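The values are calculated or read from the model by the stated rules, or taken from the named source; none is laboratory data. Bear in mind the structure is a predicted one, so any value in this text is a computation, not a measurement. Every residue, glycine as well, gets a Cβ built from its backbone with ideal geometry; the counts of neighbours run over all protein chains shown.
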Amino acid sequence: MDNFTYYNPVKIVFGRRSIAQLPRLVPAGAKILLTYGGGSIKRNGVYDQVVAALKKNPPAEFAGIEPNPRYETCMKAVERVRAEGFDFLLAIGGGSVLDGTKFIAAASVYKGKDPWDMMFNPARVPADALPIGCVMTLPATGSEMNGGAVITREATKDKLAVRSSHLFPRFSILDPETTFTLPPRQTANGVVDAFVHVMEQYLTYPADAPLQDRQAEAILLTLVEEGPKALAEPWNYVVRASLMWCATQALNGLIGCGVPQDWATHAIGHELTALYGIDHAQSLAIILPGMMQQQIDRKRAKLLQYGERVWGIRDGDEDARIDHAIERTEEFFRSLGVATRLSDYDIPASAVGIVAERLEKRRVPLGEHQDLAKKDVEEILSLRV
């Protein structure tokens, strides 16, 4: 196990009717800007709960943050924050709304020329970024308990991630009942997203970290068990609660302590989303099986462990067991209704070269060894046409 420092200051308030606790969580006298997406929170009753809880300190509102939050939209919110003097941001929605709100919180006090520069250098994230809170309605990204944000700049088709200790929410409210009315597509995407988050931290090489391995495997097993139930029984509180906590645990940093991490699947997937507009989880479902296949030799030990502990695969020689594990992974995604091939989304074969070229130009280290080259990306994508 490698040396590590673990820091996570987020207060989690979990359970039924927990939105009612907002008055004691938001600083007294704060000038609040409420941020949200397309308006589903007004249809499912979450908005009304928030407004009722904050009736003694009514917030202003900024709506329209996209599923892949855009820099251009976030900067409109930044203009409002600066002009009207808001000093607390409350995000209501899924990870995209929260990611956008994190960027707004930092960009609003950024002293440089262009806040987009923070996406290339996390050290530029201001230490005095505005405080934020969250009411999570879509379990998927884990953004409710980490300091990361992913933002898309529409003008350049760039989708980049930034991570900073200054971007942690002060608190996150997780009420599983807010997820009851999620469309099946969003529920399935959330399961896939959380699953791949775990795999990025787990499916690398042995690091003498048995506890982290078993924590990761527990999340994967729970997602495999509960994901299909959520689609079949969307109003099942127990199932929704398990999925919500899995998504948070998948990316709150705990299972990544002291172990190598990959994140190449996400880097490639971000390019697909930015260029072709597919859902983030859809891009991950495309790339992960190809990554597993292309990296068999380097990930062999963990692939065998994954196959045995998560899928119960013990028969056959090593290559057969690994192939079976990869097949079971892809079958699981498809069983949730998430397609796993570029062609399923009408993405042309030319995407292989385009994405590989863009990643090469970015010079971002890829993979747990940080040495995946353009040809590796091309091979991974070619397996997914």
Review point. Assigned to a loop (DSSP other than H, G, I, E, B), surrounded by fewer than 24 Cβ atoms within 10 Å (Cβ to Cβ) and assigned by TED's automatic domain parsing to the domain that holds Gly38, is that true of Asp117?
Key: no
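May I ask you to list the residues in region 244-268 that are within 25 Å of Leu174 (Cβ to Cβ) and under 14 Å from the mean Cα position of the chain (by Cα)?
Scanning region 244-268 gives Met244, Trp245, Cys246, Ala247, Thr248, Gln249, Ala250, Leu251, Asn252, Gly253, Trp263, His266.
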**Study point:** Any pair with Cβ under 7 angstrom, 6 or more apart, that starts in region 231-257 at a residue that is of a type in the set (Phe, Trp, Tyr) and ends at one that is assigned to a helix (DSSP H, G or I) and modelled with pLDDT of 95 or more
**Key:** Tyr237/Pro176; Tyr237/Glu177
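Across region 335-385, which residue is nearest to Gly258 (Cα to Cα) among those that are part of a loop (DSSP other than H, G, I, E, B) and among the polar types (S, T, N, Q)?
Across region 335-385, the extreme among qualifying residues is Gln370.
Whether any residue in region 180-192 is of a type in the set (D, E, K, R), at pLDDT 95 or above and either touching a strand residue (DSSP E or B) at 6+ places or on another chain (Cβ under 9 Å) or under 25 Å from Val10 (Cα atoms) (or both) is what I want to check.
Initial filter on region 180-192 (of a type in the set (D, E, K, R)): 185.
Then keep just the ones that are at pLDDT 95 or above; that gives 185.
Keeping just the survivors that are either touching a strand residue (DSSP E or B) at 6+ places or on another chain (Cβ under 9 Å) or under 25 Å from Val10 (Cα atoms) (or both) gives none.
Within region 180-192, none of the residues are of a type in the set (D, E, K, R), at pLDDT 95 or above and either touching a strand residue (DSSP E or B) at 6+ places or on another chain (Cβ under 9 Å) or under 25 Å from Val10 (Cα atoms) (or both).
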Point to revise | Residue satisfying condition, being at pLDDT below 95, touching a Gly at 6+ places or on another chain (Cβ under 9 Å), within 30 Å of Leu243 (Cβ to Cβ) and not in a helix (DSSP H, G or I), within set Gly38, Gly64, Gly93 | key: Gly38
Practice item. Examine region 230-238 for a residue that is over 24 Å from Ser18 (Cα atoms), in contact with an Asp or Glu (Cβ under 9 Å, 6 or more places away or on another chain), assigned by TED's automatic domain parsing to the domain that holds Gly367 and surrounded by fewer than 23 Cβ atoms within 10 Å (Cβ to Cβ), and state whether such a residue exists. Key: no
**Study point:** Extreme residue, surrounded by the fewest Cβ atoms within 10 Å (Cβ to Cβ), among residues of region 301-324 that are in a helix (DSSP H, G or I), out of contact with any helix residue (DSSP H, G or I) (no Cβ under 7 Å at 6 or more places or on another chain) and free of Cβ contacts under 8 Å to residues at least 40 places away in the same chain
**Key:** Asp319
